[in-house]
1. Rounded to whole Hz and in sequence order, give me ³J(HN,Hα) for the range 13-25 from the Karplus expression 6.51 cos²θ - 1.76 cosθ + 1.60, θ = phi - 60°, writing x for Gly and Pro.
2. Calculate, in nm to one decimal, what His48 and Thr104 gain on full extension: separation in residues at 0.36 nm each, minus their alpha carbon distance.
3. Please work out how much length the chain gains when fully extended from Glu56 to Lys6, using 0.36 nm per residue of separation minus the C-alpha to C-alpha distance, in nm with one decimal.
4. Apply the Karplus parameterisation 6.51 cos²θ - 1.76 cosθ + 1.60, with θ equal to phi minus 60°, to every residue of the range 110-118 and state each ³J(HN,Hα) to the nearest whole Hz, in sequence, with x for glycine and proline.
5. Once fully extended, how much extra length lies between Phe39 and Val69, figured as 0.36 nm per residue of separation less the alpha-carbon to alpha-carbon distance?
6. Could you tell me which GluC sites (Glu not before Pro) in the range 1-98 are loop residues by DSSP with no more than 11 other beta carbons within 10 angstrom of their beta carbon?
7. If the rule is a partner Cβ under 4.7 Å, which cysteines in the chain fail it?
8. Taking the alpha-carbon centroid of each part, what is the distance from the range 23-78 to the range 79-109 in angstrom?
Amino acid sequence: MPENTKPAPLAIVSLIYCKCPRCRTGRVFPYSPLNPVKFSKTYDYCPHCKLRFEHETGFFWSAMYISYVFSAGIIIAFGAVAINLDWTFTRIFSIIIPGILILTPFLYRYSRMIVLYLLHPLRHFDRKYL
């Protein structure tokens with residue numbers, strides 16, 4: 001290995017920091033998840049290695065299912081805690097709905113990142129050989 005190059009970060013670390021699944025250096029999202037208007041904006045290509053993130057229309061539809069599992073898990077866990085604390089339905093509902101709304105940008109991002117990291121190894125073929 002040449003002395004000038006650093007090893008790529010671990011995949012899990014790159015996923016947490018929303019980095020490209022190929023080079024693990026380029027950012028996937030140009031804006032912070034705390035930006036209420038632009039949190040969903042995704043680069044078309046990696047700024048570092050030029051990997052195309054959404055290589056076909058509807059590529060991220062599977063992320064919707066992952067986001068659903070995240071949301072359901074949060075609701076079930078919170079519901080179990082709330083039932084054990086003997087909270088009223090109104091109190092549970094008034095906490096869980098704003099909580100999911102606040103977590104939406106993070107659920108959105110990490111569901112997309114999981115899809116990218118799961119499907120990226122399947123995208124190594126070159127289309128000119130098909």
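Here, each number is a calculation from the coordinates, and none is a lab measurement. All values derive from a computational prediction rather than experimental measurement. We place every Cβ from the backbone using ideal geometry, glycine too, and count neighbours over all the protein chains shown.
1. After applying 6.51 cos²θ - 1.76 cosθ + 1.60, I find 5, 5, 5, 4, 8, 6, 9, 4, x, 7, 8, 6, 10 Hz.
2. Numbers: separation 56, 0.36 × 56 = 20.16 nm, distance 2.73 nm.
Full extension of this stretch gives 17.4 nm more.
3. Taking 0.36 nm per residue and subtracting the Cα distance, the gain is 14.8 nm.
4. 3J(HN,Hα) across the range 110-118, in whole Hz: 6, 5, 5, 5, 5, 4, 4, 6, 6.
5. 8.8 nm is the gain from fully extending Phe39 to Val69.
6. Glu3, Glu56
7. Unpaired cysteines in the chain: Cys18.
8. Centre-to-centre (Cα) distance: 23 Å.
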